[in-house]
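The next block holds one structure in the form of structure tokens; read it before the comments.
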Amino acid sequence: MEKVDFKKMLKPLYVPSAKEIVIAKVPRMNFVMIGGAGPPGAGNVEYDNAISWLYSVSYGLKFLSKGTLEKDYVVAPLEGLWWAEDMTAFTADRKDEWLWTMMIMQPDWITTEMFEQCAEKAAKKLGERPKTLRLEAFEEGLSVQILHIGSYSDEGPTIARMHHEFMPEHGLVGNGHHHEIYLNDPRKTPPEKLRTVLRQPAKYVKS
């Protein structure tokens with residue numbers, strides 16, 4: 001049975017250039033999603049619980065797909081949408097004000113019924129199901145992105161360059177939440193070797 005690796009199939013989206021910011025067209029894809037607030041990790045129980053749910057359901061779907069549909073695949077990397085009611089919370093590093101949707105992309109053959117089956121199974125291990133847990137289609141469309149190599153705390157200058165240099169030079173403005181795709185496990189990878197896709201949905205400024 002062939003195992004599909006979506007990072008390889010969608011390489012321009014999941015492994016973009018680390019040398020230059022590029023424009024990409026991101027298609028409609030399905031994700032298991034869960035929302036919350038506050039800083040990632042660092043003892044944030046809501047965040048840690050969200051990650052546990054995402055992986056539990058995603059691996060459940062992988063095994064269900066392999067067993068019932070005979071379709072196997074590599075579980076996609078963790079992704080996150082980040083924002084705040086007051087966006088200066090990012091530049092000022094006020095992490096307690098951060099809002100997020102963490103998510104993992106799913107194959108298009110995963111159905112709502114399969115998702116509900118795996119969520120019910122996960123609840124037996126993890127307890128009460130989070131209210132924001134869902135399977136949902138998401139389409140970003142036109143976006144700018146770059147592969148950041150290094151610590152999460154060092155992303156700021158690159159994000160600033162995306163927003164204040166590249167996008168204005170190309171007649172673009174933001175059109176959605178800041179998006180990150182985590183290609184490594186930070187528990188097993190030195191900070192200087194972390195690989196993170198930084199993406200910003202955008203639209204052309206009307207003339």
The condition from (1) closer than 19 Å to M103 by Cα; (2) in a loop (DSSP other than H, G, I, E, B) that T189 misses is numbered (1)
Helices (runs of 4 or more DSSP H) within segment 1-111 that include 3 or more residues open to solvent by 20 Å² or more (accessible area, probe 1.4 Å) and farther than 21 Å from Q145 by Cβ: 45-64
If I go through segment 168-186 residue by residue, how many of them are outside any strand (DSSP E or B) and not small (G, A, S)? 9
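Any residue in segment 138-149 that is free of Cβ contacts under 8 Å to residues at least 40 places away in the same chain, open to solvent by less than 40 Å² (accessible area, probe 1.4 Å) and more than 22 Å from F31 (Cα to Cα)? Can you show your working first?
Just the residues of segment 138-149 that are free of Cβ contacts under 8 Å to residues at least 40 places away in the same chain, to begin with: none.
No, segment 138-149 has no match at all.
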Please go through segment 112-131 and pick out each residue that is free of Cβ contacts under 8 Å to residues at least 12 places away in the same chain and either in contact with a Ser or Thr (Cβ under 9 Å, 6 or more places away or on another chain) or in a helix (DSSP H, G or I) (or both). E113, E116, E120, A123, K124
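Can you pull out every residue in segment 16-52 that is hydroxyl-bearing (S, T, Y) and either under 17 Å from the mean Cα position of the chain (by Cα) or farther than 20 Å from P201 by Cβ (or both)? Reasoning before the result, please.
Looking only at segment 16-52, we keep the residues that are hydroxyl-bearing (S, T, Y), and these are 17, 47, 52.
Answer for segment 16-52, where residues must be hydroxyl-bearing (S, T, Y) and either under 17 Å from the mean Cα position of the chain (by Cα) or farther than 20 Å from P201 by Cβ (or both): Y47, S52.
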When the residues of segment 150-161 are filtered to those that are assigned to a helix (DSSP H, G or I) and either open to solvent by 70 Å² or more (accessible area, probe 1.4 Å) or in contact with a Leu (Cβ under 7 Å, 6 or more places away or on another chain) (or both), which remaining residue is modelled with the lowest pLDDT? S153
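The values are calculated or read from the model by the stated rules, or taken from the named source; none is laboratory data. What you see is a predicted model; the values in this text were computed from it and never measured. All Cβ positions, even for glycine, are placed from backbone atoms using ideal geometry, and neighbour counts span all protein chains on display. Ligands, DNA and RNA are stripped out before the accessible areas are found, and what is left, the full protein with its side chains, is counted by its heavy atoms. Shrake-Rupley method; radii C 1.70, N 1.55, O 1.52, S 1.80 Å.
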